[in-house]
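Heads up: the structure comes next, in structure tokens.
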Amino acid sequence: MNRIPFALFLLILSAIPSHAILTQWVPANPPYSHGPLGTGEYSMVWNMRRYATPPGRPYVIIGSIRATGGLWGSPRTRAVEVAREHGADAILWTQAETHAEANSIGLIGLLSHCDYLAIRWTTPPR
């Protein structure tokens, strides 16, 4: 009898996407500010560019994301999911806690978090 409430809890929990619990989205207020240009070093995460240095093309910052590690997925994949939901073209990695982007089922992965900027391509400012 005690197992039914627990089973219902697990069922509800499984319906909630992990990025909804393990990420924080903070939208930027329009007018959006242009970010600095850089060398544009990036890697692809779920068909979205994840920049380690500012891109070499003009962009605006549409929001910031704090993504936390967990049992399934990494901070970077969660950040990409949230950025895509808000119309971003790419993410720019800005900071990581002690264990940068740990993707582990151990304690280190559970405690890691990374900060990103969600960016959208634009024309150069005049």
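The table that follows gives values for the structure above.
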item	result
Projected label distance in nm at Asn2 and Ala28, using a 7 Å step from Cα toward the beta-carbon	5.2
Glu41 paired with Thr53, simple spin-label distance in nm, labels 7 Å along Cα-to-beta-carbon	0.6
Highest average packing first - 39-49, 72-82, 115-125, Cβ atoms within 10 Å	72-82, 115-125, 39-49
Extended-chain gain in nm, criterion 0.36 nm per residue less alpha-carbon gap, Thr123 and His86	11.4 nm
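Rule-based calculations on the coordinates, nothing more; no lab input. Quick caveat, the model's predicted, so the values are computed rather than measured. In this analysis, Cβ positions are derived from the backbone assuming ideal geometry, glycine residues included, and neighbour counts consider all displayed protein chains.
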